[in-house]
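All of the numbers you see were taken from the coordinates with simple rules; none came from a lab. Computed from a prediction, not measured in an experiment: that's the story for all the values here. Every residue, glycine as well, gets a Cβ built from its backbone with ideal geometry; the counts of neighbours run over all protein chains shown.
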Amino acid sequence: MDKIKYVLQNLIFIPGVVLSTIICALLVIVIAFFGRRSPLLKKIEYIWAKIIVWAAGVEIENNQDQLSKLDQNKCYIFISNHFSHLDIPIIVTILKGFSPRFVAKESLFKIPIFGWGMKAVGHIPIHRKNKRQALRDLNKAVETLKKGESVLIFPEGTRNTNEDRLLDFQVGPFILAIKLGLEMVPITIYGTNRCLPKGSIFTKPSKVYVRVHNPLDWPKKYTIKQREDLKNTTQDHMQKKYLELLKWVKEKKSLYIQ
């Protein structure tokens, strides 16, 4: 029965991803041509994210009470651990009221239609291999936030294949945080690695656990010279929160099996 469910889900997932991405990307490209500030852009992006999550067979469990405490009139820097390509549509779905622009590797923006749509909506490409260009890209992110936008960043820099602990954080996001002095909102996510692992195009329907944590005002307390300190302090904090989530999930599954 599980094999049948797996096959049927992927018969939905792969065409669903391709068709929804093409249609939604073309729509935002056309709309952005007439005005990049149109609220329709974010609505279409949210619809795209919902379709992807549904097509993947993902069931999201998140702490909605904590999420509701965030001020939707404020800009935040959302920072999340990263396991899968599903992380972005899942987080976009959860953060509907904020519609954060996300910082992604520059190569994604070169993908026909999809990359054009990303650029039209206002997401920010970053060159990972060119440090000077990466700093310029971070400055663009600064300008985005100054216009009243929140930003989503994955400080690990790539998808993690080890669910036991987080990868070492990159320093770039914390330079951005210090320059802006905005609150950072940590997000920990678990389960997307089992639903759509790195290197796979096939989805396995499963539950994904997401926790949105209290905002951190730490960037205001650090200078650019102390960026490594901020990075390390934030990584320790998120590692602790992630391990708490991991322990909770395993205990919950253990009770269910019994």
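Taken over region 49-101, the residue count meeting the criterion of being closer than 18 Å to Asn10 by Cα and part of a strand (DSSP E or B) is 2. Screening Gly57 against (1) within 30 Å of Leu180 (Cβ to Cβ); (2) touching a residue at least 12 places away in the same chain (Cβ under 8 Å) leaves a single unmet condition, (1). Scanning region 215-239 for residues that are touching a residue at least 60 places away in the same chain (Cβ under 8 Å) and either of a type in the set (Ser, Thr, Tyr) or touching a Lys or Arg at 6+ places or on another chain (Cβ under 6 Å) (or both) yields a total of 1. The set of residues in region 193-224 being in contact with an Asp or Glu (Cβ under 9 Å, 6 or more places away or on another chain), in a helix (DSSP H, G or I), over 16 Å from Ile90 (Cβ atoms) and of a type outside the set (Phe, Trp, Tyr) consists of Pro219, Lys220. Inspect all residues belonging to region 201-214 and state whether any of them is free of Cβ contacts under 8 Å to residues at least 40 places away in the same chain and out of contact with any strand residue (DSSP E or B) (no Cβ under 8 Å at 6 or more places or on another chain). Scanning region 201-214 turns up no residue that is free of Cβ contacts under 8 Å to residues at least 40 places away in the same chain and out of contact with any strand residue (DSSP E or B) (no Cβ under 8 Å at 6 or more places or on another chain). Taking each residue of region 1-27 that is within 25 Å of Pro112 (Cβ to Cβ) and looking for partners that are small (Gly, Ala, Ser) and part of a helix (DSSP H, G or I) with beta-carbon atoms closer than 7 Å, six or more apart or interchain, yields Ile12/Ala55; Phe13/Ala55; Gly16/Ala55; Val17/Ala55; Cys24/Gly117; Ala25/Gly117.
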